[in-house]
1. Residues to consider are TYR39, TYR28; find the one that is under 17 Å from HIS86 (Cβ atoms) and either modelled with pLDDT of 80 or more or in contact with a helix residue (DSSP H, G or I) (Cβ under 9 Å, 6 or more places away or on another chain) (or both).
2. Could you look through segment 71-101, keep only residues that are at pLDDT 85 or above and among the small types (Gly, Ala, Ser), and pick out the one that is surrounded by the most Cβ atoms within 10 Å (Cβ to Cβ)?
3. When you scan segment 3-15, do you find a residue that is modelled with pLDDT under 80, under 17 Å from the mean Cα position of the chain (by Cα) and among the aromatic types (Phe, Trp, Tyr), even just one?
4. Just checking, which of LEU31, LEU3, LEU20 is loosely packed, with under 11 Cβ neighbours inside 10 Å and farther than 25 Å from CYS100 by Cβ?
5. For segment 44-67, name all the residues that are aliphatic (A, V, I, L, M) and either within 28 Å of LEU26 (Cα to Cα) or surrounded by 11 or more Cβ atoms within 10 Å (Cβ to Cβ) (or both).
6. Restricted to segment 1-22, and to residues that are part of a helix (DSSP H, G or I) and of a type in the set (A, V, I, L, M, F, W, C), which residue is nearest to ARG69 (Cα to Cα)?
7. Would you mind stating whether LYS51 is modelled with pLDDT of 75 or more and more than 14 Å from the chain's Cα centre (by Cα)?
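The values are calculated or read from the model by the stated rules, or taken from the named source; none is laboratory data. Not measured: the values here are computed from a predicted model. Note that we place each Cβ from the backbone using ideal geometry, even for glycine, and neighbour counts take in every protein chain shown.
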Amino acid sequence: MLLQESRNYFLLKPEYQNELDNSQSLLYYPLLDRLDSNYYEGIIQEAIKYKTQTPGTVTLGHGLGTHIRSLTGIYVLAMYNGSLTHLQMLYKRIKLISFCS
């Protein structure tokens, strides 16, 4: 196992992921979903605030701190719960923020 770790090679048997994929029941993480909805509410509030500013207002910076704090919380909980779906969604969001800001 140490040899595999030193070579960054991990033999993963996805038996548990296959069991989740083939299961008929839904898996629900309420705290992750709440953080996810709070993240989108924050984005909407920032957009409304930006749209309702007076035309002479000058904004310096992007305010990525709020995004980073929200995404960090989602990352920690997704890692703790082992939610591959939330980690993949998080990866897409970080890529969007990184390359579109």
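1. So the residue among TYR39, TYR28 that is under 17 Å from HIS86 (Cβ atoms) and either modelled with pLDDT of 80 or more or in contact with a helix residue (DSSP H, G or I) (Cβ under 9 Å, 6 or more places away or on another chain) (or both) is TYR39.
2. ALA78
3. The answer is no, given that none of the residues of segment 3-15 is modelled with pLDDT under 80, under 17 Å from the mean Cα position of the chain (by Cα) and among the aromatic types (Phe, Trp, Tyr).
4. LEU3
5. Selection gives LEU64 alone.
6. My answer is LEU20.
7. Criteria met by LYS51.
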